[in-house]
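The values are calculated or read from the model by the stated rules, or taken from the named source; none is laboratory data. Keep in mind the model is a prediction, meaning the values are calculated, not measured. Cβ placement follows ideal geometry from the backbone for every residue including glycine, while neighbour counts extend to all protein chains displayed. Surface areas here come from the heavy atoms of the whole protein model, side chains and all, with no ligands, DNA or RNA. Shrake-Rupley method; radii C 1.70, N 1.55, O 1.52, S 1.80 Å.
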Amino acid sequence: MKFNKITTFSTIFLFLFFVISGSYSGVFPETEKEDNDISKLLKNAEENYQTGNFKKAIGIYEQIIFKLNKKKELVETKQKLFRTMISLSLTLFTIQETDKARTQLEKLIQINPNQTLDKEIYPPNFLSIFKEVQKKNLGSMVISAVPLKAVISVNGKSYGNSPVKIENFIKGEHIITAYVKGYNPYSQKVIVKENSENKFDIQLVKKKGEKIVEKTAQIKPKKKKKSSALLIVGGVLALGAILLLALKKKKEDPPAVLVKEFYNGEATEILPWLPSVSLLEVFGIHGRVENVEFEVRVNHPSIEDLSVALVGTDNRTVFSIWNKGEHRDGGRVFTGSTQIFNSIEPNGNWKITVNNSGARNSGAIVEWGLRIHYVENQ
């Protein structure tokens, strides 16, 4: 029995060692193969769409979605899944199968309520259908609580301290929980109605036996009257103490600046004369944006033909990263920072857009990332 235990532990140790060191990578060839197959299928579907073979493109898109749904827990897989679902619905819209396109958009909204479509890329009628689907499936939530600053969660996901407002929430049944130290945990099942602002007020109950600190009047013995000189001196000292406290308060450290990083490692093709867009989903930031750092890696033979810009979640705030004709010694990596986005909602889809004025050359947005500096809500 002792020999079996030693053998088992040795086997587990060696397995972990090989996996960590990379020597055991041959055990997982299927993952890489599946990724390559999906990339080939995507390219094939896009080619069929461009040549007008819409029915074949639809079949390939459905095949890709089926494959991606098996491993959609990965962030990069989710982004690829969302794009494929949009491509499928657009193809269905193109051949006037509007109901099927709407159904596909509804499925997309169910798994990604914060999905947006760029009005500069998609046809106006298709955008109208997308907005209709949003109205029929999404509402907003405003949650307030007594006492204030309760920690609010919906379906197990934390949204910070109350009061909170959550945009683009799926209609239907959800569970709100709230917690404040010294109070009983709160849980409530609610119904979110579509195309409306759903308000929920929470009243937490203090735990039994919790000590409540109350100020009580105390009878103090009478003291002898002090002279006016002593009162003046006391007043001056008290005023000095107040001034010192005020100065100390001014010198307190500013609120801490937190940093979160987000990354998109999925390549996006840059085509001649067509705008290219790469999305990056930002989430979990509860506070005011102070500064945004970016790094964009572009592979293109004629960098002077490109215009590269970073677009915020409101689709209106734009920062020009690179303008065509600005030579940078043939560089392909653009880095920098800006404070232009400090007035917009940080959570949602950020974009890198590339406009290519070259008639022949194509390339790719290889990868890009954001480092967002923010001050958390107090």
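For this structure, a couple of remarks:
- Under 15 Å from the Phe54 label point (7 Å along Cα→beta-carbon), backbone N, the stretch 113-147: 123-127
- Per residue, the stretch 251-308 exposes 53 Å² of accessible surface when a 1.4 Å probe is rolled over the protein heavy atoms with every protein chain present.
- Length available on full extension from Phe283 to Lys107: 0.36 nm per residue minus the Cα-Cα distance, which gives 61.3 nm.
- Cβ-Cβ FRET estimate between Lys207 and Lys157, R0 fixed at 30 Å, reported to 0.05: 0.75
- Links that overshoot a 29 Å alpha carbon limit, given the list Lys119/Lys193; Lys165/Lys206; Lys135/Lys324; Lys149/Lys351; Lys131/Lys157; Lys165/Lys260: Lys135/Lys324; Lys149/Lys351
- Taking other residues whose beta carbon is less than 13 angstrom from the beta carbon of Ser343, and scoring Lys, Arg as +1 and Asp, Glu as -1, yields -1.
- When the Cα positions of Asn161, Thr94, Leu138 are compared along the charge dipole of the stretch 71-184, Asn161 comes out farthest toward the positive end, with charges on each C-beta of Lys, Arg, Asp and Glu.
- Label-point separation, Ile175 to Ser362 (7 Å along Cα→Cβ), nm: 4.9
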